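Inspection log for the structure reproduced underneath, given as structure tokens.
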Amino acid sequence: MIIGIGAAPGVAIGRAFVLPTWEWDIPDQKMDVVDLTREFERLTEGIRTSRCEIEDMKKEVKEMVGPEESSIFDAHLAILEDPVFMSEIRGIIERQYKAAEVAVKEAIDHFVTMFDLLDDEYMKERAADIKDVGNRLLKHLLGAPEIKLPSDTQPYILVAKELSPSQLVHLNPNHVLGIVTLIGGKTSHSAIMARAIGIPLVAGLEGKREEPFQTGELLAIDGDEGHLFVDPDQETQRVYEEKRLKLQRKKEQLQLLAEVDAVTRDGEQLTLAANISSFKELETSMKHGAKGVGLFRTEFLYMDRSEFPTEEEQFDIYRRIAERASGHPVVIRTLDIGGDKQLDYFALPEEDNPFLGYRAIRICLDRPDIFLTQLRAILRASAFGDVRVLFPMISSVDEVRQAKELLRKAMIQLDERGESYDRDLSIGIMIEVPAAAAIADLLAEEVDFFSIGTNDLVQYVLAVDRMNEQIAHMYHPFHPAVLRMLRMTANAARDRGIEVSVCGEMAGDERAIPIWLELGIQKLSMSPQSLLRVKHRVLNTTASSARETGRQSFRLARSGEIERLLSDFVTPVSP
């Protein structure tokens, strides 16, 4: 057995197809000064063609798995426009009289080497993006054909040194049973894409096998544990095939729960809603039994375009979602850009700490013209269903009052136009920074509901960037400090008599159910893929015993102890 990194869950058994390494042997061609103009023209044309291809792939991924995953290609487009990377290429052409393809290859090698020297897994993963974009540009400059994956053979396990998102776009889950990569990890774009598509992936195997992989050899992989068997014996094949069939049966059986309410064995009901970024994700969520939308991430409506969406464009999608939700609540979060979410047409300032900077509600309050357009669209959609508005990144009472004042202004504007809307529209805020949790009692006086965004809350409470591999092990959702913030928020909501829900990743973590029941939180919003699994756990849980486990967790002082307690409570049960 070879142990790598489990980067995308699931198991697979099949023959290997080894993807040829995308490497270029380019002679060091020198140009005459009279040829420089032609080389710059070739470079410009190569960039234009590469940009068109990347935009097409982004559109394809958006339609296939949703806008959040398609935003991976924003990083690729940004590299083509990066002034440092491009000036490096142009400088080599201009100063050293080298051909465009030579300059691109040297620039790729320079930046990849520089990033690889950094002791930071995140930066190493971004080096893969530069190689992907650079190789695409080289392909056009050299007139080389793109490597195609087989589609007319038996299903296979794809093996590659590394797999770029642009290669993953064209993977067909009916042909590809699993993926093995020599480099990369859980935070790589290829891992994100593989998880979205539903293909098991084992990564990080470089140097762990002396001989190279061969096309046709039999492999068995476990994307949960990161295990790989080459030429597995009959017993190993039997075990893996049983596990694969078990996972498939569980998936089919869980689907039978779509129309069943999430009620514990002793009769306590939880409401499971969905986090979505598009209408397509809502369709998937409804098939999985979602009771509405607990979080609609509207920022993805603003991406993959050249200008801000109009009021009519926003209204159209909000209305369609409200109608499709069939009377269930639809919580629409206002624009949350900044940090890692950028818009090509809206230049945000360079910041040392963008996650602590100009983002979300701070931008909206600073740019009421942008904010009012969105608020009018949300209000108009409220005439077609139970639409609610949610303000992100709140840290003070002043911010809430300013946002509510702009909402009132949007109402007045609609009144002047004779537009219909829900005058009693519910107003909520996200609790995702420690300041909001600390003054939750004051904030509860201002709004109708809280939505706890655990992803950012954990990150800010613990001062841990979970995308930084060096400190990712310190990101503990069940840290005592996080639990205290959750309790503080839940208590403030209960005392004021307002609803509180959870919409971060912890909502989809079965281990957290005892925490929510102990805190009296009965509404959870999660990814569409988590809905049936969490519902299955709720149906096999007794609320009274879960609460006792939750109470015990609040008495413990160490994250590891809390995680073990909650993991022990979540024992495997058959669907």
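List the pairs whose first member sits in segment 205-230 and is within 14 Å of ILE5 (Cα to Cα), whose second member is basic (Lys, Arg) and open to solvent by 40 Å² or more (accessible area, probe 1.4 Å), and whose Cβ atoms are under 8 Å apart, counting only residues at least 6 apart or on separate chains?
Pairs found: GLU206/LYS161; ASP222/LYS243.
Could you list, in sequence order, the residues of segment 467-494 that are modelled with pLDDT of 95 or more, surrounded by fewer than 23 Cβ atoms within 10 Å (Cβ to Cβ) and not in a helix (DSSP H, G or I)?
Within segment 467-494, just HIS479 meets the criteria.
Among the residues of segment 57-69, are any within 30 Å of PRO173 (Cα to Cα), modelled with pLDDT of 75 or more, touching a helix residue (DSSP H, G or I) at 6+ places or on another chain (Cβ under 6 Å) and open to solvent by 60 Å² or more (accessible area, probe 1.4 Å)?
Looking for residues that are within 30 Å of PRO173 (Cα to Cα), modelled with pLDDT of 75 or more, touching a helix residue (DSSP H, G or I) at 6+ places or on another chain (Cβ under 6 Å) and open to solvent by 60 Å² or more (accessible area, probe 1.4 Å), one finds none in segment 57-69, hence no.
Against the definition (touching an Asp or Glu at 6+ places or on another chain (Cβ under 9 Å), assigned to a helix (DSSP H, G or I) and open to solvent by 20 Å² or more (accessible area, probe 1.4 Å)), how does ARG533 come out, yes or no?
yes
Output the residue which, of all residues in segment 495-522 that are open to solvent by 20 Å² or more (accessible area, probe 1.4 Å) and under 27 Å from GLY198 (Cα atoms), is nearest to the chain's Cα centre (by Cα).
Filtering segment 495-522 for residues that are open to solvent by 20 Å² or more (accessible area, probe 1.4 Å) and under 27 Å from GLY198 (Cα atoms), the one nearest to the chain's Cα centre (by Cα) comes out as GLU505.
Counting only residues that are in contact with a Phe, Trp or Tyr (Cβ under 9 Å, 6 or more places away or on another chain) and part of a helix (DSSP H, G or I), which one in segment 536-548 is surrounded by the most Cβ atoms within 10 Å (Cβ to Cβ)?
Taking segment 536-548 as the starting set, the residues that turn out to be in contact with a Phe, Trp or Tyr (Cβ under 9 Å, 6 or more places away or on another chain) are 541, 545-546.
When the remaining residues are screened for being part of a helix (DSSP H, G or I), the result is 545-546.
Numbers: SER545: 15, ALA546: 25.
Ranking the candidates gives ALA546 first.
Report every pair of residues separated by at least 6 positions or lying on different chains whose Cβ atoms are under 6 Å apart, first residue within segment 418-447 and over 17 Å from GLN374 (Cβ atoms), second open to solvent by less than 10 Å² (accessible area, probe 1.4 Å) and hydroxyl-bearing (Ser, Thr, Tyr).
So the pair list comes out as ILE431/THR489; ALA437/THR489; ALA440/THR489.
Output the residue which, of all residues in segment 185-211 that are open to solvent by less than 60 Å² (accessible area, probe 1.4 Å), more than 24 Å from ARG244 (Cα to Cα) and part of a loop (DSSP other than H, G, I, E, B), is modelled with the lowest pLDDT.
Once the filter is applied, the top-ranked residue is THR187.
If a residue counts only when it is closer than 30 Å to ARG51 by Cβ and open to solvent by less than 30 Å² (accessible area, probe 1.4 Å), which helices (runs of 4 or more DSSP H) contained entirely in segment 220-328 have at least 2 such residues? Give the steps one after another, and end with the answer.
Values: elements: 234-255, 279-287, 299-302, 311-324.
Per the criteria, 299-302, 311-324.
For segment 342-353, check the following and say yes or no: at least one residue is of a type outside the set (A, V, I, L, M, F, W, C), within 30 Å of VAL458 (Cβ to Cβ) and buried (at least 22 other Cβ atoms within 10 Å of the Cβ).
Taking every residue of segment 342-353 in turn, none turns out to be of a type outside the set (A, V, I, L, M, F, W, C), within 30 Å of VAL458 (Cβ to Cβ) and buried (at least 22 other Cβ atoms within 10 Å of the Cβ).
Could you count how many residues in segment 549-572 are more than 27 Å from LYS251 (Cα to Cα), free of Cβ contacts under 8 Å to residues at least 60 places away in the same chain and surrounded by 15 or more Cβ atoms within 10 Å (Cβ to Cβ)?
The qualifying residues number 4.
Cβ-Cβ distance below 8 Å, separation of 6 or more or different chains: which pairs start in segment 398-410 with a residue that is over 17 Å from TYR421 (Cβ atoms) and end on one that is open to solvent by less than 30 Å² (accessible area, probe 1.4 Å) and in a helix (DSSP H, G or I)?
Here the result reads GLU399/ILE361; VAL400/LEU443, each pair linking segment 398-410 to a residue that is open to solvent by less than 30 Å² (accessible area, probe 1.4 Å) and in a helix (DSSP H, G or I).
Given (1) at pLDDT below 90; (2) more than 30 Å from VAL260 (Cα to Cα), where does GLN314 come up short, assuming only one miss?
That leaves (1) as the condition not met.
Mind counting the residues in segment 325-357 that are modelled with pLDDT of 95 or more and basic (Lys, Arg)?
1
Conditions first: (1) of a type outside the set (A, V, I, L, M); (2) in contact with a Gly (Cβ under 8 Å, 6 or more places away or on another chain); (3) under 30 Å from GLU81 (Cα atoms); (4) open to solvent by 30 Å² or more (accessible area, probe 1.4 Å). GLY357 passes all but one, so which condition is the exception?
(4)
Is it fair to say LEU335 is without any contact (Cβ under 8 Å) to a residue 24 or more places away in the chain, touching a Phe, Trp or Tyr at 6+ places or on another chain (Cβ under 8 Å) and either of a type outside the set (Phe, Trp, Tyr) or outside any helix (DSSP H, G or I) (or both)?
No; evaluated as a whole, the condition is false for this residue.
Against the condition touching a Ser or Thr at 6+ places or on another chain (Cβ under 7 Å) and of a type in the set (D, E, K, R), how does ASP415 come out, does it pass?
So ASP415 does not fit the description; no.
Determine which single condition ALA463 fails, assuming it passes every other condition in (1) open to solvent by 10 Å² or more (accessible area, probe 1.4 Å); (2) of a type in the set (A, V, I, L, M, F, W, C); (3) more than 22 Å from the chain's Cα centre (by Cα).
Of the numbered conditions (1) open to solvent by 10 Å² or more (accessible area, probe 1.4 Å); (2) of a type in the set (A, V, I, L, M, F, W, C); (3) more than 22 Å from the chain's Cα centre (by Cα), the odd one out for ALA463 is (3).
What number goes with the only condition from (1) at pLDDT below 95; (2) within 16 Å of the chain's Cα centre (by Cα); (3) under 22 Å from MET506 (Cβ atoms) that SER278 does not pass?
Checking SER278 against (1) at pLDDT below 95; (2) within 16 Å of the chain's Cα centre (by Cα); (3) under 22 Å from MET506 (Cβ atoms), the one that fails is (3).
The values are calculated or read from the model by the stated rules, or taken from the named source; none is laboratory data. Note that the coordinates shown come from a computational prediction; the quantities given were computed from them, not determined experimentally. Neighbour counts run over all protein chains shown; Cβ positions are idealised from the backbone, glycine included. In case anyone asks, the SASA skips ligands and DNA or RNA and just uses the protein heavy atoms, side chains included. Shrake-Rupley method; radii C 1.70, N 1.55, O 1.52, S 1.80 Å.
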